[in-house]
Each structure stands twice: as C-alpha cells, then as structure tokens.
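Contents: one structure, followed by commentary.
The values are calculated or read from the model by the stated rules, or taken from the named source; none is laboratory data. None of these values were measured; they are calculated from a predicted model. Quick reminder, even Gly has a Cβ in these numbers, built from the backbone with ideal geometry, and neighbours come from all protein chains shown.
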Amino acid sequence: MKLYFTPGACSLASHIVLRELGLPFEAVQVDLMKKTTKSGEDFTAINPKGYVPALGLDEGGLLTEGVAILQYLADRRPEAKLAPAAGTMERYRLQEWLAFINSELHKSFGPLFNPSAPAETKEAAKKLIGRRFAYVEQQLAGREFLAGGTFTIADAYLYTVLGWTGFVGFDLTPYPNLKAFQARVAARPAVQAAHAAEKGS
C-alpha cells in the first residue's frame, strides 16, 4: 500500500493506524500547496480531490477520505481490535465517534488555518471547538480511550485533531481529560514512530 500524506495533516491518523497494525506500506509525502508529491508527480493525477490522506491499494485503485481509510485498515487486521466487528453496536458507536470527529471537530478548525478568515470568524470557530471539546472531555471521564479501555482508530483521529491546537493557539488547559488522553496516545510506540517518520521525510 501507499499512504499519501502531508506532515501535520489529518493523514497522520492513517499513518498511526498503519504502524499500530504493522502493515507494510510506502509513505509518499505530498505538498498540498503545489499539489505534487516529493518526487515531483502531479498529485491531482493520483487523487483528483487534491488532498490527503489517500491510500494506494495493493490490488490497484485508490481509497480516499480519512474515515473510510481508517476502517479499511482496521479490517485488514481484525485481530488487532482497532475497530469492533462490522454489524455490531460497538462498530456503530465507533462510526458515531468518527463522524463526530470528522464533521464537528476536524472541519471546525478550517477557519483557524485560513489566513484570510476574519478575526471574528476565527473567534467563533474557537468557541464552537470549545463546546465540542467540552463534550469529549465529559465522555472521557473515567476512560482511557473513546471506546473505554481499548485504543481504536477513533482515538488515532482524535489525537491527530488535538495536535492542531498548538498550531492555532487553542489552550487545552480547561480540558484535563483531553490533555491526559493526548499524552497517553503520544506515548504509544506507533505514534512516536509515525511522528519520527514524518519529521524525517
């Protein structure tokens, strides 16, 4: 498999999961501004959507959209239990978390990364993110991970989004459960390996 990624982007979640599962893959860095790979290929010819993550499949073809890639990867090694079995209520709960992180957290950061967004738009985005974080903070009370005591693909995604707070000046101090979660996930060997690989790319 080939993972098309950009350091610091949401593709980090897929990178972490690949390493958690021990699946063989090639990491291909993408410059999202130029829409080229590190070797100079036109990334839009590979993925017409023009963003990461994208996963080149061993059997051919390309899979896009982070939440789809995460579930695909987890199902390659079900024994690792990074996602509950399809058809179970636990799987639907996982998908509920993935949808929430994708639409209510990830997308809410958009204005904060947009240099042309007005200050009031950015402030409104921070307030919205704060309300969403307050919900997750409450859900993490007494839990190590979103699903309880087991690390899943949803945790890799939440960890990735939490990492953006440092870049946009969002203070996590009022959210001790989120801060503890972030530190807990950061200590995982697969997470450290993904960070090291992206820094060295």
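Give the residues of the stretch 139-160 that are among the hydrophobic types (A, V, I, L, M, F, W, C) and crowded, with 21+ Cβ neighbours inside 10 Å, sorted by residue number. Matches in the stretch 139-160: Leu146, Phe151, Ile153, Ala154, Ala156, Leu158. Elements of the type strands (runs of 3 or more DSSP E) sitting completely within the stretch 1-78 and holding at least 1 residues that are in contact with a Pro (Cβ under 9 Å, 6 or more places away or on another chain), farther than 24 Å from Gln95 by Cβ and not hydrophobic (A, V, I, L, M, F, W, C): these cover 26-31. Annotation note: Cβ proximity below 7 Å between a residue of the stretch 124-142 that is without any contact (Cβ under 8 Å) to a residue 60 or more places away in the chain and assigned by TED's automatic domain parsing to the domain that holds Val168 and a residue that is polar (S, T, N, Q) and assigned to a helix (DSSP H, G or I) (sequence gap 6+ or interchain) occurs for Ala125/Ser108; Leu128/Ser108; Ile129/Ser108; Arg132/Ser108; Glu137/Asn177; Leu140/Asn177; Ala141/Asn177. Within the stretch 181-196, residues that are surrounded by fewer than 17 Cβ atoms within 10 Å (Cβ to Cβ) have Cβ atoms under 7 Å from residues that are of a type in the set (D, E, K, R) in these pairs: Arg184/Glu144; Ala193/Arg19, counting only partners at least 6 apart in sequence or on another chain.
Apart from one condition, Tyr175 fits all of (1) more than 19 Å from the chain's Cα centre (by Cα); (2) under 29 Å from Tyr72 (Cβ atoms); (3) hydroxyl-bearing (Ser, Thr, Tyr); the exception is (2).
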